[in-house]
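Encoded as structure tokens, the structure appears first; notes follow it.
The values are calculated or read from the model by the stated rules, or taken from the named source; none is laboratory data. If you're wondering where the values come from, they're calculated on a predicted model, not measured in any experiment. Note that we place each Cβ from the backbone using ideal geometry, even for glycine, and neighbour counts take in every protein chain shown. Areas reflect the complete protein model, heavy atoms only, side chains present, ligands, DNA and RNA absent. Shrake-Rupley method; radii C 1.70, N 1.55, O 1.52, S 1.80 Å.
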Amino acid sequence: MAQLGFVTRQNDGSYEGYLKTLSINAPIRIIANDAKMPEANEPDYRVMFEELQIGTASYTTNLQGDHYTLIRLAVPEFGPRLIYAKLSKPADKKNDDDFVIVWYPAD
């Protein structure tokens, strides 16, 4: 498990923060997917760097019934594969609106 960045929930429900690794330090926004059609299997959010969409995010539930936000990122710096991560509460839990982006590598 590794942290890929952090975000803070804004009053409008979007998130703002940074995608931050050893080689990346980029401001990101996670905004509602206003074009989502309820009957389609589309993501709840778009992950943006400036005007570029670099990923998506969706509410989901694991087998234990826990709800979380799954993030899928696709940026050249991460190579040819999608990176799957989720929003998690930080260990210090100082602010209920703060989240870390946690990567759980598959291999």
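Multiplying the sequence separation of LEU22 and LYS93 by 0.36 nm and subtracting their Cα-Cα distance, what value in nm do you get?
23.2 nm
Over the chain, give the accessible area per residue in Å² for a 1.4 Å probe, as an integer.
68 Å²
Taking amide hydrogens as modeled 1.01 Å from N in the peptide plane, which residues meet the under 5 Å criterion relative to ILE54, leaving out close sequence neighbours?
Hits under the 5 Å cutoff: VAL47, MET48, PHE49.
With Rg and Dmax of the Cα atoms in Å in mind, check (i) 17.0, 63; (ii) 15.5, 53; (iii) 13.5, 40 and report the label derived from this structure.
(iii)
Roughly speaking, to the nearest percent, how much of the chain's 1.4 Å accessible area is carbon and sulfur? Before the final figure, lay out the partial values.
Numbers: 3750 of 7240 Å².
Here it works out to 52 percent.
Test of understanding: what is the full-extension gain from SER14 to MET1, defined as 0.36 nm times their sequence separation minus their Cα-Cα distance?
Working it through step by step, the gained length comes to 2.2 nm.
Along Cα→Cβ, 7 Å out, is where each label goes; now give me the distance between the ones at GLN53 and ALA35 in nm to one decimal.
0.5 nm
Report ³J(HN,Hα) in whole Hz for each residue of the range 87-101, in order, from the Karplus equation J = 6.51 cos²θ - 1.76 cosθ + 1.60 where θ = phi - 60°; Gly and Pro get x.
Once rounded to whole Hz, the list reads 7, 9, 6, x, 4, 6, 6, 6, 9, 5, 9, 8, 9, 10, 9.
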